[in-house]
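What follows draws every value from the coordinates through simple rules; no lab data is involved. What you see is a predicted model; the values in this text were computed from it and never measured. Neighbour counts run over all protein chains shown; Cβ positions are idealised from the backbone, glycine included.
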Amino acid sequence: MPPRVLPRLRTRPVWQQDAVIALGTWLIGSLVYVAGLHQLLSNRDDPFPLWVRLTELAVLCGLEMLRRWVPGGLLLACGVLAVDIAIGPSLPVLIVFTDFLYAATLYGSRRTSRAMIGVAFAATVAVVLAVALFSEQWRQAVLAALGCLPFLITPVWWAANVRQQRDIADSERANGEQLAKLAELDRQAAVGAERARMARDLHDVIAGHLSAIAIQSEAVLAGSGDNPALARSVLESVRENSVSALEEMRAMIGLLRSARGDGEMETTAPARLAELSKLVESARASGLRVEVKSTMDGQGLPAAVDLTAYRIAQEALTNAVKHAPGGRVVLDIRREGAVLTIEVSSELRRDPAAADGTGTGLLNMRERATAVGGTLSAGPSGADWLVRAELPVEG
C-alpha cells in the first residue's frame with residue numbers, strides 16, 4: 001500500500017475502513033483459490049467447486065463489516081470457519097479468521113480481551129490433540145501445532161500489545177488533560193489573586209487621598225472665613241491630594257496598559273517612607289494632631305517592606321481621619337534589629353459625624369503585612385486604638 005494511502009484511510013469513518021479491508025481480503029483470497037493453493041491437509045484436487053469456496057470467502061469477508069462487534073462478529077465467523085473445516089480447511093478462510101481474533105482482542109471489553117488469550121491457547125492445544133488422535137504420525141501433530149501458532153497465538157498476542165499501548169496512550173492523554181485543567185485552575189487563581197491585589201492597591205492609593213479631600217473640603221465649607229491663611233493651607237492640601245491621586249491612578253493605568261501590550265507609558269515611582277512627611281501634612285490639614293516619632297526614611301529597607309510600611313501608615317492615618325476627626329495621633333516607625341515596627345495610636349472615640357468606612361482597611365493592611373512575612377494587629381489599647389505591624393527586614 002502506498003505510504004500516503006494508509007494515513008488517508010485512518011481518517012475515514014470506521015465502516016469505510018472495514019469495507020476496504022473486506023474487499024481487499026476477498027480479492028487476495030480469491031486469487032489464492034483460483035491458483036489452487038488453498039488446501040491445508042491434502043494435496044489432491046479440491047472436491048468442491050470453486051464457486052463454493054468463493055461464496056464461503058465472500059460471506060466471511062462480508063462479516064468483516066461486523067469485526068468490531070464483539071462477540072457477535074466473532075461467533076458468526078466461527079460458524080463460517082466450522083463449515084470450512086467440515087468441507088476441508090482452506091488457507092484464505094483461516095487467514096481471514098485471524099483478523100476476527102485480532103479485532104475481538106483489540107476492540108472487545110477488558111474481560112473479553114483477557115479471555116481471548118486463554119481461548120487462543122486452548123484452541124491450539126485442541127488442534128494438536130485432535131491431529132494427534134486422528135493422525136498416524138506424530139510429526140503431523142507437531143507441524144499442526146506450529147501451523148496454529150501464526151493463525152491463533154500471533155493475532156491475539158499482537159492485538160493485546162496494541163491494546164496495551166493504546167491504553168497507555170489514553171492514560172497519558174487523560175493525565176495531560178488533567179494537568180491542563182490544573183494549570184488552567186492555577187491560572188484562574190493567579191488572575192483572581194492579582195485582581196484582589198489590584199483592588200487592594202486601588203483602595204490604598206485612592207481612598208486615603210479622597211478621604212482627606214472630602215474631610216478637608218468639608219472643613220473649609222464649614223469655616224466662617226475668618227482665617228484665610230488656614231483656608232488656603234487646607235485648599236493647598238486638597239490640591240496636593242488630588243494631584244497625588246491622579247498621578248498614582250495614571251501610573252496604575254499605565255502599568256495595566258503596558259501589561260496588555262498597548263504600549264509603554266511613563267509611570268511614577270511607588271510611594272516610600274521617604275515621602276512620609278507629605279502624608280503627615282495631609283493628615284494634619286484634615287484636622288488631626290499628628291505626633292511623629294519616626295526617623296526612618298526608608299534607606300536600607302527592601303522595596304516591598306518600604307512600600308508596605310508606607311501603605312500601612314497611610315491606611316491607619318486615613319482611618320483615624322474618618323473615625324476620630326480632630327483627635328490626637330501618634331505615629332511611631334522604628335527598626336529593631338531585623339524587624340521594622342509601625343505603630344499608629346489614635347484616640348478611641350467615635351464621632352457621630354464621622355464617615356462610615358467600607359471595612360476593607362484593616363483587611364488590606366493585614367494582607368499587606370502577611371505578603372512580606374509580617375504580622376499586624378489592631379484593637380483597643382487603653383484609651384487609644386492601636387494599629388501595630390511588624391515587618392521582617394531580612395529574609
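Observations
- Pairwise label distance in nanometres, residue 28 with residue 231, each label 7 Å out on the Cα-Cβ vector: 10.5
- Label point at residue 19 placed 7 Å out along Cα→Cβ; residues across segment 97-112 whose backbone nitrogen lies under 15 Å: none
- Both radii were evaluated on the Cα set of segment 273-395; the Rg over Rh quotient, with Rh as the Kirkwood radius, amounts to 0.95.
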